[in-house]
Amino acid sequence: MVWQNWARTVQARPVRVERPAGADEAAAVLTAAARDGLRVKPVGAGHSFTPVAATDGVQVRLDGLSGLLALDTEAGTATVGAGTRLHELNALLTERGYGLTNMGDIAVQTVSGAIATGTHGSGRASASLSEQVVALEIALPDGTVRRVSATDDGDLFQAARLGLGALGIVTSVTFRVEPAFTLRSTVERTTLDAVVERFADLEAADHCDLYWLPFTDAVQLTVNRRTGEPAAPPNPVAAWWSGDVVENAGLALVQRVTRAAPKTTPAVNAVAARLIGARSFVDAAPKVFTSTRRVRFHEMEYALPRSAAPGALRALRDLTARGPWRVAFPVEVRLAPADDVWLSPAYERDTVYVATHAYPRTDYTGWFSAVEKLWTEYGGRPHWGKLHTRDSGYLLDHYRRMGTFRAVRDRVDPERIMANEYLDQVLGE
């Protein structure tokens, strides 16, 4: 049986597939794999572009570990099965009048896969899903099950809330939640130079995202702020136009045209820039945070120091304009605060995430390589689930707690049952 990820950048042929329905069954899977000399990798929705979840041993699918297990309104926490999809979690919490503080822009991932790879949104006070984790249950390679938190084996907790699937099988996750809230989303067309000039103002926004169209100076800027206003979503026609037509069908058409005729990319993007329109609406936070993405793409994302953002964005524009590459996909930029998650790309520094995208079967690898080289000059940290070529030597220099993480891994998985080639690359063998 062949498994492949959503982006079709990774294929794997596990010798067997297991679907545990509880923590004890997950532990039994690990015990049996160790007995048989097989490696184990849990897999979520397959939305990572890297082979972080690939294995030729035992693949563990988490479908049987889903649903809301507990909601503690007094403590402000919700515990869910590790295989719960984020959109399912949103619905379950919304029904009860609660929600997450922040999310990324895609909601099809499992909660365990999202925290394992560092999924994040944008935010002034909070952006990382892993930072919102206050406890988790994990089946360890020795066949035991542990529930850990900041006060119960704090080192294992710190490592496992962004653990790359390297420490065991996470079976449930407890998130910090809060009463449901609405966001006012304001979208405008601006320019890259204007964004750079007002960057200090954007840093003060609750949530700030922007999309830059290569070979133009056009930027779609979205600022979301918390509001006590009742939901007033865009009318169905406007929502259909911006979501289905412009962001999906229109994007797909642009990619197909420029893949067939790469030299037209600057002109096509100039036309696409004119479709960026201004709008403002209020809606429930999960509906504002997340989007439907129907166009398949490949992605590389790096976290740069916030202070480097103005110069880095101008350098990216100049690099792209000078080069031979003709990539039409928008570049996404998100602002995020420093956090304390050991392997978070935003660990202990205010961050700007810059995500470069490309349409499959286009000649983008040279551009990604050149951009990655540029980002390393700024001390960039790659997103664990996005395409990159960094190895453990580079990453050890850029993550102050990488050595501590590896010590936890040595303690719980000395036989490297949870390893694969990607983990060998980024953590060292």
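The values are calculated or read from the model by the stated rules, or taken from the named source; none is laboratory data. All values reported here derive from a predicted model rather than from experimental measurement. Reconstructed Cβ throughout: ideal geometry from the backbone, glycine too, with neighbour counts over all protein chains shown. Surface accessibility is based on the protein's heavy atoms, side chains included, excluding ligands, DNA and RNA. Shrake-Rupley method; radii C 1.70, N 1.55, O 1.52, S 1.80 Å.
List of remarks:
- Only a single item in (1) assigned to a strand (DSSP E or B); (2) out of contact with any helix residue (DSSP H, G or I) (no Cβ under 6 Å at 6 or more places or on another chain) is not met by T356, and it is number (2).
- Residue within region 210-218 that is open to solvent by 30 Å² or more (accessible area, probe 1.4 Å), touching a helix residue (DSSP H, G or I) at 6+ places or on another chain (Cβ under 6 Å), modelled with pLDDT of 90 or more and not aromatic (F, W, Y) present: yes
- Within region 374-405, if we keep just the residues that are touching a strand residue (DSSP E or B) at 6+ places or on another chain (Cβ under 8 Å) and not in a loop (DSSP other than H, G, I, E, B), the residue that is surrounded by the most Cβ atoms within 10 Å (Cβ to Cβ) turns out to be R381.
- Sole residue being free of Cβ contacts under 8 Å to residues at least 24 places away in the same chain and either surrounded by fewer than 20 Cβ atoms within 10 Å (Cβ to Cβ) or more than 19 Å from the chain's Cα centre (by Cα) (or both), chosen from R146, R124, R176, R96: R146
- From T73, T77, T119, residue being crowded, with 24+ Cβ neighbours inside 10 Å and modelled with pLDDT of 95 or more: T119
- Helices (runs of 4 or more DSSP H) fully within region 235-346 counting 3 or more residues that are charged (D, E, K, R): 309-322
- Which listed residue, of V177, V148, V170, V134, is over 21 Å from E88 (Cα atoms) and part of a strand (DSSP E or B): V148
- Complete set of residues in region 149-163 that are of a type outside the set (G, A, S) and surrounded by fewer than 24 Cβ atoms within 10 Å (Cβ to Cβ): T151, D152, D153, D155, L156, F157, Q158
- Which numbered condition K41 misses (of (1) of a type in the set (K, R); (2) surrounded by fewer than 15 Cβ atoms within 10 Å (Cβ to Cβ); (3) not in a loop (DSSP other than H, G, I, E, B)): (2)
- Single residue of A33, A7, A53 found to be under 27 Å from the mean Cα position of the chain (by Cα), crowded, with 19+ Cβ neighbours inside 10 Å and among the aliphatic types (A, V, I, L, M): A53
- Cross-chain or 6+ apart pairs with Cβ under 9 Å, region 356-370 first and without any contact (Cβ under 8 Å) to a residue 60 or more places away in the chain, then part of a strand (DSSP E or B) and β-branched (V, I, T): T356/V331; W367/T356
- Flag for T265 being within 28 Å of N102 (Cβ to Cβ), surrounded by 15 or more Cβ atoms within 10 Å (Cβ to Cβ), modelled with pLDDT of 90 or more and among the hydroxyl-bearing types (S, T, Y): no
- If you go through region 281-298 and pick out every residue that is open to solvent by less than 10 Å² (accessible area, probe 1.4 Å) and within 21 Å of the chain's Cα centre (by Cα), you end up with 1.
- Listed conditions (1) among the acidic types (D, E); (2) under 21 Å from the mean Cα position of the chain (by Cα); (3) crowded, with 21+ Cβ neighbours inside 10 Å; (4) closer than 25 Å to L30 by Cβ are all met by D63, apart from (3).
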